[in-house]
Amino acid sequence: MRDISLHILDIAQNSINANASLIEISVIETDYDIEVVIRDNGKGMTEEELAKAIDPFYTTRKTRKVGLGLSLLKHNVELTSGKFAIESQLNKGTIVKATFNRTSIDCLPLGDLLETFITLIILHPDIDFIFTHKTSIKDYHLDTRELKAILNEIKINEIPVINWIREDYNG
Amino acid sequence: MKKTIADLEKIRMEALKNIELRNSKEDVRIVVGMGTCGISAGAREVLNALVDEISRRELKNIKVVPTGCVGMCRLEPMFDVYKDGEKVTYVDMTPEKARQVVVEHLVNNRIIEDYTIGKRAEE
């Protein structure tokens, strides 16, 4: 993975596969670290599954035998001496927390977070997302449920709405 | 520019005017590989280019959906176009190539053979 925003898109896919209806993605940047939290209300994992989740040679998929996303993320976090944690409760959901130490030479760039948010909305208009991106100069928050309440019968992935989100983020 | 709720309501009213013009029929389905391999190879940019080009040309009844790894990670980013009962698999995509596929395959009805899996597998 070239950057952190792509990792986020990849990990969020796990939440979607776990049938989550609400996914919260928060990115908080300080001078020293980039903290990424992905929380979902999906089907969660048993302790046994959780223990295996970060094993690169484990996947719940029946059709193929590798699931690399989480282990790649953990590896990239640990390269920076950062912290990686995953918690899960069966039928409640899963939280992945990755804190990159950005003072490390091995820290990946954040990448284009907005494109990751938009890709998730385009592909999964029926899932609700809460996006947060905080830096020293930015405090962005978007709850798609609020947008949907205004849009009513209009889909959130209509292009004018996507453009609205783009401009709102960059504003 | 920071957008307001009023802007969003305007978008809704505009979209409502157009909604009757569309029918719910799906003529084309594009399935984009969005597994770990696809994403790390650039699938996000390819997907967003597809969606952007489709909307720019105001093409209707086209559905873009994700899929996981199909086991050909080396050929990612890739997507399948299902049109007129036929499936065409485009591989080694870039945002620019994806836009070309929208123009040639979806608008001009001409498959870009050079980008298809059959052609690439010969190399």
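Every number in this text was worked out from the coordinates using simple rules, so none of it is lab data. All of these numbers come straight from a predicted model, not from anything done at the bench. Neighbour counts are summed over all protein chains in view; Cβ atoms, including those assigned to glycine, are modelled from backbone coordinates with ideal geometry.
Using the structure shown, decide if A:Val77 is surrounded by 14 or more Cβ atoms within 10 Å (Cβ to Cβ), more than 23 Å from A:Asn19 (Cα to Cα), more than 8 Å from chain B (Cβ to nearest Cβ) and of a type in the set (A, V, I, L, M). Yes. Within the stretch A:127-171, the set of residues being part of a loop (DSSP other than H, G, I, E, B), without any contact (Cβ under 8 Å) to a residue 12 or more places away in the chain and within 23 Å of B:Ala43 (Cα to Cα) comprises A:Glu158 only. Against the conditions (1) within 9 Å of chain A (Cβ to nearest Cβ); (2) out of contact with any strand residue (DSSP E or B) (no Cβ under 7 Å at 6 or more places or on another chain); (3) within 23 Å of A:Glu115 (Cα to Cα), B:Ala98 satisfies every one except (1). If the condition is being surrounded by fewer than 20 Cβ atoms within 10 Å (Cβ to Cβ) and in contact with a Ser or Thr (Cβ under 9 Å, 6 or more places away or on another chain), then the stretch A:87-98 contributes A:Glu87, A:Leu90, A:Ile95.
If you go through the stretch A:111-126 and pick out every residue that is under 16 Å from B:Ser40 (Cβ atoms) and in contact with a Ser or Thr (Cβ under 8 Å, 6 or more places away or on another chain), you end up with 4. Taken over the stretch B:35-63, the criterion of being buried (at least 17 other Cβ atoms within 10 Å of the Cβ) and either touching a strand residue (DSSP E or B) at 6+ places or on another chain (Cβ under 9 Å) or among the β-branched types (Val, Ile, Thr) (or both) is satisfied by B:Gly35, B:Thr36, B:Gly38, B:Ile39, B:Ala41, B:Ala43, B:Val46, B:Leu47, B:Leu50, B:Val51, B:Ile54, B:Ile62. Just wondering, is there one or more residues in the stretch B:86-107 that are aromatic (Phe, Trp, Tyr), touching a residue at least 12 places away in the same chain (Cβ under 8 Å) and closer than 25 Å to A:Ile156 by Cα? Checked against the condition, which is being aromatic (Phe, Trp, Tyr), touching a residue at least 12 places away in the same chain (Cβ under 8 Å) and closer than 25 Å to A:Ile156 by Cα, the stretch B:86-107 yields no hits at all.
Residues checked against (1) at the interface with chain A (Cβ under 8 Å from one of its Cβ atoms); (2) touching a strand residue (DSSP E or B) at 6+ places or on another chain (Cβ under 9 Å); (3) crowded, with 18+ Cβ neighbours inside 10 Å; (4) not basic (Lys, Arg):
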| residue | (1), (2), (3), (4) |
| --- | --- |
| B:Ala6 | no, no, no, yes |
| B:Glu26 | no, yes, no, yes |
| B:Val65 | yes, yes, no, yes |
| B:Val107 | no, no, no, yes |
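Would you check if there is a residue in the stretch A:117-132 being touching a His at 6+ places or on another chain (Cβ under 9 Å), surrounded by 20 or more Cβ atoms within 10 Å (Cβ to Cβ), closer than 26 Å to B:Thr67 by Cβ and away from every other protein chain (no Cβ under 14 Å)? Yes: the stretch A:117-132 contains one or more residues that are touching a His at 6+ places or on another chain (Cβ under 9 Å), surrounded by 20 or more Cβ atoms within 10 Å (Cβ to Cβ), closer than 26 Å to B:Thr67 by Cβ and away from every other protein chain (no Cβ under 14 Å). Scanning the stretch A:153-169 for residues that are within 8 Å of chain B (Cβ to nearest Cβ) and more than 22 Å from B:Val64 (Cα to Cα) yields A:Glu167, A:Asp168. Taken over the stretch A:1-32, the criterion of being in contact with a Phe, Trp or Tyr (Cβ under 8 Å, 6 or more places away or on another chain) and crowded, with 19+ Cβ neighbours inside 10 Å is satisfied by A:Ile4, A:Ile23, A:Glu24, A:Ile25. Scanning the stretch A:86-93 turns up no residue that is in contact with a Cys (Cβ under 8 Å, 6 or more places away or on another chain) and away from every other protein chain (no Cβ under 14 Å).
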